[in-house]
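Worksheet for the structure shown next.
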Amino acid sequence: MQALQGIKVVELGQLIAGPFAGKTLADFGADVIKVEPPGVGDPLRKWRMLRDGSSVWWEVQSRNKRSVALDLRTPQGQEAVRALLREADVVIENFKPGTLESWGLGWDALHALNPRLIMLRISGYGQTGPYRHKPGFGVLGEAMGGLRHLTGEPGRVPVRCGISLGDSLAALHGALGVLLALYHRDARGGQGQVVDVALYESVFNMMESLVPEFDAFGAVRERSGSALPGIAPTNAYPCADEGYALIAGNGDSIFKRLMAAIGRTDLENDPRLAHNDGRVAHVHAIDAAIAAWTQVRPLDEVLSVLEKAQVPAGKVYSVRDIVNDPQYLARDMIVEQATATGASIKVPGIVPKLSATPGRLAHPAPLLGEHQADMARTTGWPARRTTEVPHV
């Protein structure tokens, strides 16, 4: 038995945040029924790189789900969704606030229909507040949440991290909220409730000491490249073969081992550098000493020496490094997954690892409307499978 076996989820969201939350629940056994627009489906089916007309990203994001095609703008589509939700445990949506209400599918209506229903609502700015009606994407959440201001090199334009991190953080907070609400309902005898997740708040929740540092000292943290301000030494150091070694020598005993390994016993035994606050005051000198040692050695040699010294160090991984790495492979983090068209593709494995009720890949990402007839039989609404786009 899987951890969420028997939990029925109706996913109304599109693209990233809502569907990523649905994927997380589906990986651990929840029966996730994805509702898509007829004819075209979720826009993610056409995002990024396509193979045989379908996004390979889609194969990851929608694995373990079932698909029905319903037009939520029509009375027929709305009634079909209500039929699904009468027996559901969770509904996920990431529309602009007010959209479901305009379709007669707002919280009050759905709670009256099914008092046990838990509703996950992911939006740019949340369901309340002066910004609630603004459209919001992950990039805006990352900026408003404080992440973009800190990302990049000092004095240069703030950059994005290369993935839709704000959406994924919102999805994970949403999945956590769903699990908390399920526990309250099932273990404490409560009813359903709304889980209200804002993209910017999900990013802001990860901002560590940003606010208390500003409140206590008026300090505004700025971009610092590959270093981590206030913690030393931790940085990316150039090597002779143009690679970079990521070295975290910021523990007191680790710092001593690092200095011994690079032949700087003067710094190893300097009482001013015994603790982090002293090292921060002299971080430029420490970084220069480490870089002077790394830049005349190839990356593999640097990592080998530091591994023997038990100093945390590593390299910058590309996806080529990832798919061939023995640690990834040993923990089933690169797995072969079938597709609905009979092909196969390598995808990320399942996180986290549960010892008694692990997640699994039960079935591939669905064709559009693939499970229409199944849902019609169980709910009673007319079966009309949408096959206008058979491979997306």
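The values are calculated or read from the model by the stated rules, or taken from the named source; none is laboratory data. Keep in mind it's a predicted model, so treat the numbers as computed, not measured. Heads up, the Cβs are rebuilt from the backbone with ideal geometry, glycines too, and the neighbour counts pull from every protein chain shown. What goes into the accessible areas is simple: the full protein's heavy atoms, side chains included, and nothing from ligands, DNA or RNA. Shrake-Rupley method; radii C 1.70, N 1.55, O 1.52, S 1.80 Å.
On the stretch given as segment 179-224, residues that are of a type in the set (S, T, N, Q) and either within 20 Å of the chain's Cα centre (by Cα) or buried (at least 16 other Cβ atoms within 10 Å of the Cβ) (or both) total 3. Candidates in segment 260-290 are the residues that are of a type in the set (D, E, K, R) and in contact with a helix residue (DSSP H, G or I) (Cβ under 9 Å, 6 or more places away or on another chain); of these, the one that is nearest to P229 (Cα to Cα) is R279. Checking each residue in segment 62-76 for being buried (at least 23 other Cβ atoms within 10 Å of the Cβ) and hydroxyl-bearing (S, T, Y) picks out S62, S67. Restricting attention to segment 244-262 and to residues that are within 16 Å of A292 (Cβ to Cβ) and surrounded by fewer than 19 Cβ atoms within 10 Å (Cβ to Cβ), the residue that is nearest to the chain's Cα centre (by Cα) turns out to be Y244. Taken over segment 17-53, residues that are outside any helix (DSSP H, G or I), of a type in the set (V, I, T) and either under 17 Å from P364 (Cβ atoms) or out of contact with any Ser or Thr (no Cβ under 9 Å at 6 or more places or on another chain) (or both) amount to 3.
Within the set E87, E59, E79, the sole residue that is assigned to a helix (DSSP H, G or I), open to solvent by 30 Å² or more (accessible area, probe 1.4 Å) and over 14 Å from Y200 (Cα atoms) turns out to be E79. Where strands (runs of 3 or more DSSP E) fall entirely within segment 175-258, those with at least 1 residues that are among the acidic types (D, E) are at 194-198. For segment 263-290, the set of residues classified as open to solvent by less than 20 Å² (accessible area, probe 1.4 Å) and in contact (Cβ under 8 Å) with a residue 12 or more places away in the chain consists of L273, R279, I286, A289, I290, listed by residue number. In this entry, F95 is excluded by the filter for residues that are within 22 Å of S344 (Cα to Cα) and either of a type in the set (D, E) or open to solvent by 10 Å² or more (accessible area, probe 1.4 Å) (or both).
Residues that are open to solvent by less than 30 Å² (accessible area, probe 1.4 Å) and either under 27 Å from the mean Cα position of the chain (by Cα) or on the phi > 0 side of the Ramachandran plot (or both) occur at least once in segment 110-118. Can you tell me which residue within segment 19-46, out of those that are of a type in the set (G, A, S) and closer than 14 Å to V60 by Cα, is surrounded by the fewest Cβ atoms within 10 Å (Cβ to Cβ)? Once the filter is applied, the top-ranked residue is A26.
Counting only residues that are open to solvent by less than 80 Å² (accessible area, probe 1.4 Å), without any contact (Cβ under 8 Å) to a residue 12 or more places away in the chain and among the acidic types (D, E), segment 317-371 holds 2 of them.
Of all residues in segment 100-123, those that are more than 26 Å from L367 (Cα to Cα) and in a helix (DSSP H, G or I) total 9.
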